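S.K.: Sharing a structure with you now.
The values are calculated or read from the model by the stated rules, or taken from the named source; none is laboratory data. Nothing here was measured: the structure is a model prediction, and the numbers come from that model. Cβ placement follows ideal geometry from the backbone for every residue including glycine, while neighbour counts extend to all protein chains displayed.
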Amino acid sequence: MTQDLIDGVKSFKHYHYEGDHELMADLVKEGQDPKYFIISCIDSRCNPGTIFRAQPGIFFAHKAMGAIVRPYHQGTALAAALQFALNYNNVTTVIVLGHTQCGAIQALANDIDDPEISSFISVARHGLEKAKACCTNHNEILSKTEKEVILESTENLKSYPSVAKALAENRVKIKSWQFNMKTGDLLEYSDKTKKFEILTTNTTTAEDSRKNNEEIA
């Protein structure tokens, strides 16, 4: 059954097409002008549109298992999308958005026996090895790997010509973010502290935030 999807379209149409809600009409007439390009995981629980409650036209979206960015290769979907976003639109921020409890990272750690999947996620194996070098507990290894993969993907982004050009011209910033599915917090990697720091919290206290930072560091 697809009724849940059809109901979603009806709601979308109501809020963005009907009555005083004519945002889509304006976007169709005037064109899009997104400022963000978000690379996220395919995980159905971490859809950026849901997490950020974003209006249409806010960001370009690219999805891949584990939000993994492989080194540049001409002709890939990501290379073409970045070229379009950075050279022909006004994107000023590219975000690598990973998340906790990532199935792709678990598959990597468990050495999944599926050539189609393993051939894609294998580029993240270096992150797994770095995690194993400093952690012994399985869950700690997974948590550390999730963060390392985000950082490696961020570095791999810089090998894309469109990104390198935009960085050289100071037209774009790259951010490394992680969504904590358990707490709902959004974290960003800080070059200053070398840790992922909480950007937003909902009902947690300052002390809770401090403890969360310690747990996920």
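S.K.: From the set of residues in segment 15-56 that are under 22 Å from Lys175 (Cβ atoms) and polar (S, T, N, Q), which is surrounded by the most Cβ atoms within 10 Å (Cβ to Cβ)?
M.R.: Restricting to residues being under 22 Å from Lys175 (Cβ atoms) and polar (S, T, N, Q), the top hit is Ser40.
S.K.: Can we say Ile121 is modelled with pLDDT of 95 or more and out of contact with any Pro (no Cβ under 9 Å at 6 or more places or on another chain)?
M.R.: Values: modelled with pLDDT of 95 or more: no; out of contact with any Pro (no Cβ under 9 Å at 6 or more places or on another chain): yes.
Judged against the criteria, Ile121 is not a match.
S.K.: Which one of these is assigned to a strand (DSSP E or B), among the basic types (Lys, Arg), touching a strand residue (DSSP E or B) at 6+ places or on another chain (Cβ under 8 Å) and in the same structural domain as Ala109 (by TED's automatic domain parsing): Lys147, Lys175? Steps first, answer last, please.
M.R.: Working: Lys147 fails: assigned to a strand (DSSP E or B).
Sole residue among the options that is assigned to a strand (DSSP E or B), among the basic types (Lys, Arg), touching a strand residue (DSSP E or B) at 6+ places or on another chain (Cβ under 8 Å) and in the same structural domain as Ala109 (by TED's automatic domain parsing): Lys175.
S.K.: A follow-up question, please. Scan segment 28-43 for residues that are in contact with a strand residue (DSSP E or B) (Cβ under 6 Å, 6 or more places away or on another chain) and among the aliphatic types (A, V, I, L, M) and jot them down.
M.R.: Once the filter is applied, which keeps residues that are in contact with a strand residue (DSSP E or B) (Cβ under 6 Å, 6 or more places away or on another chain) and among the aliphatic types (A, V, I, L, M), segment 28-43 yields Ile38, Ile39, Ile42.
S.K.: Which of the residues that make up segment 30-43 are modelled with pLDDT under 95 and among the polar types (S, T, N, Q)?
M.R.: Scanning segment 30-43 gives a single hit, Gln32.
S.K.: Name the residues in segment 98-118 that are modelled with pLDDT of 95 or more and touching a Lys or Arg at 6+ places or on another chain (Cβ under 9 Å), would you?
M.R.: Gly98, His99, Thr100, Gln101
S.K.: Quick test for you: out of Asn139, Asn170, Asn156, pick the one residue that is in contact with a Pro (Cβ under 6 Å, 6 or more places away or on another chain) and surrounded by fewer than 22 Cβ atoms within 10 Å (Cβ to Cβ).
M.R.: Numbers: Asn139 fails: in contact with a Pro (Cβ under 6 Å, 6 or more places away or on another chain); Asn170 fails: in contact with a Pro (Cβ under 6 Å, 6 or more places away or on another chain).
The unique qualifying residue is Asn156.
S.K.: Can you confirm whether Ile121 is among the hydrophobic types (A, V, I, L, M, F, W, C), crowded, with 17+ Cβ neighbours inside 10 Å and touching a Ser or Thr at 6+ places or on another chain (Cβ under 7 Å)? Before you say what the answer is, go through the steps one by one.
M.R.: On the way: among the hydrophobic types (A, V, I, L, M, F, W, C): yes; crowded, with 17+ Cβ neighbours inside 10 Å: yes; touching a Ser or Thr at 6+ places or on another chain (Cβ under 7 Å): no.
Taking the combined requirement at face value, the residue does not satisfy it.
Yes/no per residue for (1) within 19 Å of Lys158 (Cα to Cα); (2) among the acidic types (Asp, Glu); (3) without any contact (Cβ under 8 Å) to a residue 60 or more places away in the chain; (4) not assigned by TED's automatic domain parsing to the domain that holds Ile141:
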residue: Ile38; (1), (2), (3), (4): yes, no, yes, no
residue: Asp43; (1), (2), (3), (4): no, yes, no, no
residue: Phe52; (1), (2), (3), (4): no, no, yes, no
residue: Ile58; (1), (2), (3), (4): no, no, yes, no
residue: Gly75; (1), (2), (3), (4): yes, no, yes, no
residue: Ala79; (1), (2), (3), (4): yes, no, no, no
residue: Asn89; (1), (2), (3), (4): yes, no, yes, no
residue: Thr92; (1), (2), (3), (4): yes, no, no, no
residue: Gln106; (1), (2), (3), (4): no, no, yes, no
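S.K.: Would you tally the residues in segment 108-118 being touching a residue at least 12 places away in the same chain (Cβ under 8 Å), surrounded by fewer than 21 Cβ atoms within 10 Å (Cβ to Cβ) and farther than 21 Å from Asn47 by Cα? Let's see the steps before the verdict.
M.R.: So the first thing to find is which residues in segment 108-118 are touching a residue at least 12 places away in the same chain (Cβ under 8 Å), and the list is 108-109, 117.
From what's left, surrounded by fewer than 21 Cβ atoms within 10 Å (Cβ to Cβ): 109, 117.
Now narrow it down to the ones that are farther than 21 Å from Asn47 by Cα: 109.
Total satisfying the criteria: 1.
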